[in-house]
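Data first, discussion second: the structure below is written as structure tokens.
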Amino acid sequence: MKLNTPCQDHGRTRSIRGGGYVVVRYQGRTTSLHRVVFMEANNLKPADLEGLVVRHKCDNPRCINPEHLESGTQQENMNDMISRGRSSKRPGEKNHQAKLKLRDVEIIREMKGKCTQAELAMKFHVSQKQISRIQRGERWRS
């Protein structure tokens, strides 16, 4: 995402939550510094953000530039993480724990109805349940 202003680092050398996020006391409650900055910049109260998170458009957890912050749902935050390639859960072959290759999955899908899931599970060294999920499109993304 292209932003018109630079990040503003919070300047703290240590954070309580880890990952660069600093927590502070605000109106008698412990909350993230970037959340406080967003509320102050937008004249909001904590109740106005009930059920929402404050997201970093710049992907920099140390940034407190109000122009780089926006409110949203946790799901939107997770979607941002995935679309920007910051998820530790890599899909398909990109996942270091993947037992199957893309070609294996293609074969498993092509074989639907031609042999049993148990036979495929033995051939590819995965569970029958995993074969079922792959064939239904519930598992394994490329």
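Laid out as a table, the results:
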{"read-out": "Cα-projected label distance for Gln128 with Leu102, points at 7 Å along beta-carbon direction, nm", "value": "3.1"}
{"read-out": "Fluctuation leader among Glu67, Glu76, Glu50 - the chain, Gaussian network, Cα springs under 10 angstrom", "value": "Glu50"}
{"read-out": "Per the chain, cysteines lacking a partner by the 4.7 Å Cβ criterion", "value": "Cys58, Cys115"}
{"read-out": "Of Gly28, Gly85, Gly72, the one that fluctuates the most in a GNM where the chain has Cα springs shorter than 10 Å", "value": "Gly28"}
{"read-out": "Volume in Å³ per residue [convex hull over Cα atoms, computed for the chain]", "value": "156"}
{"read-out": "Order by protection proxy (mean Cβ within 10 Å, highest first), peptides 124-136, 107-119", "value": "124-136, 107-119"}
{"read-out": "Candidate lysines for bridging to Lys123, where Cα separation is under 29 Å - those fewer than 8 sequence places away on the same chain excluded", "value": "Lys89, Lys94, Lys99, Lys101, Lys112, Lys114"}
{"read-out": "Per-residue [θ]222 nm for the chain (sum of -39500 (n - 2.57) over DSSP H runs n ≥ 4, rounded to 500)", "value": "-8500 deg cm²/dmol"}
{"read-out": "Gyration tensor (alpha-carbon) shape descriptor, region 99-142, a/c threshold 1.5", "value": "rounded"}
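Each value in this text was obtained by applying a stated rule to the coordinates, not by laboratory testing. This structure is a prediction, so every number in the text was calculated from the model and none was measured. Glycine gets a Cβ as well: all are built from the backbone with ideal geometry, and neighbour counts include every protein chain shown.
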